1. Helix 446-463 versus the longest principal axis of the chain: what angle, 0 to 90°, nearest 10, using Cα atoms?
2. Too long at a 27 Å Cα-Cα cut-off: which of LYS183/LYS206; LYS281/LYS451; LYS244/LYS296; LYS145/LYS395; LYS283/LYS435; LYS89/LYS435?
3. Round to a whole number: what % of the accessible area of the chain belongs to carbon and sulfur, probe 1.4 Å?
4. At a threshold of 8 angstrom on Cα-Cα distance, excluding pairs fewer than six apart, so keeping six or more, what relative contact order does the stretch 366-501 reach in percent?
5. Report, to the nearest 10°, how far helix 220-229 tilts away from the longest principal axis of the Cα atoms in the chain, using its own Cα long axis and a range of 0 to 90°.
6. How large is the dipole of the chain about the Cα centre if only Lys and Arg carry +1 and Asp and Glu carry -1, each at its Cβ, rounded to the nearest 20 debye?
7. Just one of [x] 0.96; [y] 1.04; [z] 1.01 is Rg/Rh (Cα atoms, Kirkwood Rh) as worked out from the coordinates here. Which one is it?
8. Peptides 39-46, 366-373: what's the order by average Cβ count within 10 Å, highest mean first?
Amino acid sequence: MKLLKVAISAAALALATLPALAQAPSTLRIGLQEDPDMLDPHKARTFVGRIVFMGLCDRLVDITPELKLVPRLATEWNFSADGLTLTMKLRSDAKFHDGEAFNAEAAKANLERARTLPDSLRKAELASVDTIEAPDATTLVIKLKRPDATLLSQLTDRAGMMLSPKTLSGDVAAKPVCSGPYKFVERVQNDRIVLEKFREHWEADKYNFDRVLYRSIPDTTVRLANLRSGELDMLERLAPTDVKSAQGDKSLKVESIANLGYQGITINTNHGEAANQPMGKDKRVRQALSLSIDRKVLSQVVFEGLYAPSNQPFNPGNFFVSADLPVPARDLAKAKALLKEAGQSKVTVELFVTNNPVDAQLGQVIQAMAQEAGIDIQIRSTEFASQLRDQQQGKFQMSRVGWSGRIDPDGNIHPFAHSKGNQNDGKYANAEVDKLLDEARTIYDPAERKKRYDAAQKILQDELPIVYLYNQTVFFAMRSNLQGFAINPDGIIRLAGMKRS
């Protein structure tokens with residue numbers, strides 16, 4: 001009888017707790033390949049940071065999976081006939097996480113900060129802007145110094161993200177206050193970022209989770225193990241070597257899409273003392289490196305043949321890919337001849353890679369290939385944010401790094417190849433390339449723009465400040481009960497509509 005009473009009491013207690021469990025906060029747990037850099041959209045540059053910003057910070061404009069521009073905080077827009085004035089109508093029902101109303105003055109303050117802050121990485125993206133006006137609460141007028149075919153695409157990303165104006169003079173990254181569907185709760189460096197649902201968001205009914213937990217887990221094997229055990233709901237960038245295994249797991253599902261960007265090796269040609277070595281100073285040594293790499297074999301060995309070999313900043317099939325610049329075949333004899341012509345029998349150079357298993361293997365395969373041509377690559381490994389910081393400061397010789405890509409071609413080439421590009425970490429400079437890339441920004445006709453990019457690429461393929469290697473197919477893995485994920489070529493996780501079944 002005593003045992004029966006205990007059992008009945010336990011059952012009653014369990015039943016009593018069911019309502020509380022039903023009301024417990026629901027959390028979406030996402031595994032990231034790296035830890036984001038600073039959570040300040042005007043200073044940030046990491047791909048994983050953009051994934052976090054998607055939940056945290058609304059932007060003026062967004063893109064669909066078909067790469068069409070769609071309204072976000074801006075509901076409509078138009079250019080003047082001369083292409084020098086962009087007028088945007090803004091939402092009147094959006095708020096920042098501190099309760100302040102979003103309006104044209106707030107948008108103006110954000111754009112002014114993005115284009116004038118000394119260490120802003122958005123300055124080059126907004127270089128065409130002359131003045132910004134807010135004639136009324138829902139109208140934003142951007143006047144340009146010259147026509148700019150890239151501007152709207154810039155406003156779909158960090159240049160178009162909105163922070164509460166009251167916070168702009170402080171340390172934004174420590175506690176970002178945006179206007180997105182989720183608000184910042186906490187960050188533990190190299191571990192987690194936690195966001196909480198902003199219930200006053202103008203689109204709150206489309207977001208089904210109370211919290212979003214982003215976990216940085218660089219080891220792809222560990223990340224997948226966490227997904228399989230149920231510690232994660234989804235992960236971004238499933239390693240190609242794990243794709244077949246994940247596809248065969250009934251508790252998981254896998255989705256993939258070709259990425260908009262590129263993956264390659266950025267070479268320090270002109271940034272401080274680290275550039276003062278043969279690889280940085282002599283294009284023939286860089287050409288030898290490129291010819292020593294078999295891009296097809298690289299994809300087969302490291303990526304199960306799932307990534308397309310590439311030698312351009314645009315993804316395969318992109319309108320702006322130059323047909324005159326096919327992917328070069330490996331040519332060891334020519335590579336050795338180029339080194340000899342440059343007066344080098346053997347070259348030693350350091351390659352910076354991220355400390356995850358995929359990048360480590362990639363570095364080792366490149367190292368082995370280059371060795372056969374007489375290029376001795378020493379590999380240095382660190383976590384991603386430190387790698388980017390050292391790149392920005394010129395503390396590198398070569399760095400294995402990629403770019404997630406943009407819908408406008410300018411976003412894949414101008415920041416990296418223009419002498420004033422905000423992500424030109426090697427400080428490569430060529431006046432003719434600058435001229436061509438600047439001209440391309442002012443031209444709205446795609447065919448005419450392509451002529452400029454083709455001409456710039458011919459120079460870049462000769463001088464090789466970046467050795468492009470492959471285009472990444474982005475694989476997402478998730479628990480089979482996670483519904484509503486809409487995959488997008490930009491590789492960013494959009495949280496609207498996602499739920500557990």
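The values are calculated or read from the model by the stated rules, or taken from the named source; none is laboratory data. Keep in mind it's a predicted model, so treat the numbers as computed, not measured. Backbone-built Cβ (ideal geometry, glycine too); neighbour counts: all protein chains shown. In case anyone asks, the SASA skips ligands and DNA or RNA and just uses the protein heavy atoms, side chains included. Shrake-Rupley method; radii C 1.70, N 1.55, O 1.52, S 1.80 Å.
1. For helix 446-463, the angle is close to 60 degrees.
2. Beyond 27 Å: LYS281/LYS451; LYS145/LYS395; LYS89/LYS435.
3. The computed percentage sits at 52.
4. Worked out over the stretch 366-501, it gives 13 percent.
5. 20
6. Dipole magnitude for the chain comes out near 880 debye.
7. [z]
8. 39-46, 366-373
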